[in-house]
1. If I filter region 209-223 for residues that are in contact with a helix residue (DSSP H, G or I) (Cβ under 8 Å, 6 or more places away or on another chain), modelled with pLDDT of 95 or more and in a loop (DSSP other than H, G, I, E, B), do I get at least one hit?
2. If I go through region 117-131 residue by residue, how many of them are surrounded by 15 or more Cβ atoms within 10 Å (Cβ to Cβ) and in contact with a helix residue (DSSP H, G or I) (Cβ under 8 Å, 6 or more places away or on another chain)?
3. Which residue, of Val199, Val191, Val216, Val229, is aliphatic (A, V, I, L, M), within 17 Å of Gly115 (Cα to Cα) and under 16 Å from the mean Cα position of the chain (by Cα)?
4. What are the residues in region 128-149 that are in a helix (DSSP H, G or I) and either of a type in the set (Asp, Glu) or within 22 Å of Arg87 (Cα to Cα) (or both), if any?
5. I want to confirm something. Restricting to region 80-112 and keeping residues that are of a type in the set (D, E, K, R) and either at pLDDT below 95 or in a loop (DSSP other than H, G, I, E, B) (or both), which single residue is surrounded by the most Cβ atoms within 10 Å (Cβ to Cβ)?
6. Checking Asp74 against (1) more than 30 Å from Gly223 (Cβ to Cβ); (2) surrounded by 14 or more Cβ atoms within 10 Å (Cβ to Cβ), which test does it fail?
7. Scanning region 1-49 for residues that are part of a helix (DSSP H, G or I) and among the β-branched types (Val, Ile, Thr), which turns out surrounded by the most Cβ atoms within 10 Å (Cβ to Cβ)?
8. Is it fair to say Phe44 is closer than 29 Å to Ala248 by Cβ and either touching a Ser or Thr at 6+ places or on another chain (Cβ under 9 Å) or in contact (Cβ under 8 Å) with a residue 12 or more places away in the chain (or both)?
Amino acid sequence: MIPIDDTPLCRDGKVLILAYDHGLEHGPVDFADVPESADPERTFEAATHPAVTSVAVQKGVAEAYYPSYEDDVDLLVKLNGTSNLWRGEPDSAVNCTVDYAAELGASSVGFTVYGGSNHEIEMVEEFRDAQEAARRHDLPVVMWSYPRGQGLRNAGDASTIAYGARLALELGADVAKVKHPGSREAMEDAVRMAGRTKVVMSGGSKTTDRQFLESVKQTIDAGGKGLAVGRNVWQRENPTRILDALEAVIFEEAGVEEALSAAGR
């Protein structure tokens with residue numbers, strides 16, 4: 001396991017990944033409410049905020065935009081991903097190798113595993129190859145650990161989310177990105193199951209500032225190390241404002257009211 005506190009993925013032991021792989025995973029619908037969010041440059045500009053420890057993108061966006069921001073932004077390359085045009089059992093195509101991610105300047109890599117899918121075995125084997133290659137490059141590995149599939153009836157249950165955190169530990173991820181399980185106590189269980197693998201909360205669909213910050217606060221109070229967030233930042237008209245609030249909650253361990261005040265709300 002890589003001591004990620006000593007890598008660019010962390011700041012003061014905490015993580016805030018600005019995820020922008022949604023153009024592949026979800027398509028144009030995610031950019032509809034804020035049309036300018038379809039421009040990757042807008043998110044790279046947001047990623048220069050001091051709260052952001054890395055920006056997570058697919059290789060095409062990294063190729064096209066990261067060279068202009070390499071002095072100001074830390075790069076996490078997402079190695080797999082599949083379009084929302086696909087309606088079959090959850091799976092994720094491997095679109096980039098670790099070697100190529102390193103060539104692009106990545107200081108960490110990300111990989112989705114859908115535990116419980118009919119394609120779990122294949123995805124875990126692909127993760128094995130990526131994780132072992134990442135070790136050769138000393139790159140931390142973030143697992144998007146999302147249990148789902150047609151045979152999984154309780155994907156959103158706290159016990160299933162904790163199982164996803166445990167999968168990340170067992171398979172060698174340095175960081176587990178998991179859904180918020182609904183309470184601080186449930187997140188504590190996920191953190192406990194992850195052992196020495198760091199747990200970060202998935203930002204999920206856009207919610208109100210208060211609801212979002214409350215879930216982040218619960219994650220930090222439960223021992224989570226931070227957040228991997230996309231839509232709850234770049235779907236806002238003013239991404240800087242919510243990043244100011246997130247900086248307060250994650251890095252200063254401020255309360256929600258204090259964070260909202262810091263963001264001018």
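1. Within region 209-223, one or more residues are in contact with a helix residue (DSSP H, G or I) (Cβ under 8 Å, 6 or more places away or on another chain), modelled with pLDDT of 95 or more and in a loop (DSSP other than H, G, I, E, B).
2. Of the residues in that region, 5 qualify.
3. On the way: Val191 fails: within 17 Å of Gly115 (Cα to Cα); Val216 fails: within 17 Å of Gly115 (Cα to Cα); Val229 fails: within 17 Å of Gly115 (Cα to Cα).
The conditions single out Val199.
4. The initial filter retains those residues of region 128-149 that are in a helix (DSSP H, G or I), namely 128-136.
The answer is Asp129, Glu132.
5. Here is the first cut: in region 80-112, the ones of a type in the set (D, E, K, R) are 87, 89, 91, 99, 103.
Okay, now just the ones that are also either at pLDDT below 95 or in a loop (DSSP other than H, G, I, E, B) (or both), so 87, 89, 91.
Values: Arg87: 5, Glu89: 14, Asp91: 17.
Ranking the candidates gives Asp91 first.
6. Of (1) more than 30 Å from Gly223 (Cβ to Cβ); (2) surrounded by 14 or more Cβ atoms within 10 Å (Cβ to Cβ), only one is false for Asp74: (1).
7. Of the residues in region 1-49, the ones part of a helix (DSSP H, G or I) are 4-6, 22-25, 28-31, 35-38, 40-46.
In the following step, the residues that additionally are among the β-branched types (Val, Ile, Thr) were identified as 4, 29, 43.
On the way: Ile4: 21, Val29: 9, Thr43: 24.
The residue in question is Thr43.
8. Details: closer than 29 Å to Ala248 by Cβ: yes; either touching a Ser or Thr at 6+ places or on another chain (Cβ under 9 Å) or in contact (Cβ under 8 Å) with a residue 12 or more places away in the chain (or both): yes.
Against the criterion (closer than 29 Å to Ala248 by Cβ and either touching a Ser or Thr at 6+ places or on another chain (Cβ under 9 Å) or in contact (Cβ under 8 Å) with a residue 12 or more places away in the chain (or both)), Phe44 qualifies.
The values are calculated or read from the model by the stated rules, or taken from the named source; none is laboratory data. Just so it is clear, the model here is predicted, and its values are computed rather than measured. All Cβ positions, even for glycine, are placed from backbone atoms using ideal geometry, and neighbour counts span all protein chains on display.
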